[in-house]
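Note sheet for the following structure.
The values are calculated or read from the model by the stated rules, or taken from the named source; none is laboratory data. These figures come from a predicted structure and were not determined experimentally. Note that we place each Cβ from the backbone using ideal geometry, even for glycine, and neighbour counts take in every protein chain shown. Heads up: the accessible areas ignore ligands, DNA and RNA and are worked out on the full protein's heavy atoms, side chains in. Shrake-Rupley method; radii C 1.70, N 1.55, O 1.52, S 1.80 Å.
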Amino acid sequence: KEKKLKFPLSFNKKNIKRLYINDNFIFRISELEEFENLEEFTFSGHLDEEDKNMNSFPKMDKLRVLDYSVYYPFVKQSDSKFKNFEHSEKLEKITLDIGYNTRRDEGRWTSYEVDVSKFNKLEKLNFLELNRFEQDKIKNLNNLKHLKTFNLINPFMITEELHSDDGTVHKPLTENDFKFLAQSKELENLKIYFPRFGEERININFEKFIKYLNPKLKSINLLLALDQKQFS
């Protein structure tokens, strides 16, 4: 009913170090700046589409942990790129679920983009998880030198059966899309749930793929689907 989230006046926002917002009324993300000592922020809900800066994450000087999910497709907003996470320079752990969405009537789908090209500025970042991230944007990751854990969960592949409005059809991922992993010399844990549903497939040479990984990896978890010709 377009109700907006209002914080009670009974507490001082400057004292809050952890904030969790889940399935909320409409929230204006720029209000987060008022929580200037915030260290952990978890969000899963509705953003205020009247906010012209709703796609721009505010600069949070003390934020260490961010878990940010946007499940609900926008009705009005045309700019689909989420950006400026790198300005919160103390971030150590980022979990993003921003990408593929179905409309509320499930009749159409949409996908939002995350600008990850400047994540290398986050010198403290050691954990990164991307959910439903558009697969053709994986190549924008680079120089994540201090990363210890990387999780890529169900990257979104636009196939012919999805009938993209602009005609986009993604080619299967190859090992070259993961060259950035060779720059993560401290990587210890790797989890990738590759595209594998319906027409979704990959075309990865795993002998070459493995060469990009830190030989001292402690754990690796891969989910994938192969055609019969790839089993050999």
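Things worth noting here:
- Candidates Pro172, Pro58, Pro215, ranked by Gaussian network fluctuation over the chain, Cα under 10 Å, top entry: Pro215
- For the residues Phe178, Phe127, Phe197, a GNM of the chain with alpha-carbon springs under 10 Å puts the largest fluctuation on Phe197.
- Percentage of interatomic Cα-Cα distances in the chain larger than 22 Å: 56
- Computed extension gain for Leu5 through Ile153, at 0.36 nm per residue and net of the alpha carbon distance, reaches 50.3 nm.
- Multiplying the residue separation of Tyr71 and Asp166 by 0.36 nm and subtracting their alpha-carbon distance yields 31.9 nm.
- By DSSP, the beta bridges lying fully in the chain are antiparallel in about 5 percent of cases.
- Taking GluC sites (Glu not before Pro) across the stretch 115-157, the ones in a DSSP loop with at most 16 further Cβ atoms lying within 10 angstrom of their Cβ are Glu123.
- Accessible surface computed residue by residue for the stretch 121-232, with neighbouring protein chains in place and a 1.4 Å probe, gives 57 Å² per residue.
- Set of aspartates and glutamates near Lys171 by C-alpha distance (under 17 Å), chain-local residues within fewer than 8 positions excluded: Glu134, Asp136, Glu160, Glu161, Glu199, Glu200, Asp227
- Relative to the current alpha-carbon distance between Ser30 and Leu217, full extension at 0.36 nm per residue lengthens the span by 63.5 nm.
- The Asn140 and Glu39 beta-carbon pair, evaluated with R₀ = 25 Å, returns a calculated FRET efficiency of approximately 0.35.
- Links that overshoot a 32 Å alpha carbon limit, given the list Lys6/Lys139; Lys62/Lys137; Lys52/Lys137; Lys4/Lys124: Lys6/Lys139; Lys4/Lys124
- GNM top mover of Leu213, Leu162, Leu91 - the chain, alpha-carbon springs below 10 Å: Leu162
- Computed over the stretch 141-232, the quotient of the alpha carbon radius of gyration and 2.2 N^0.38 Å is 1.17.
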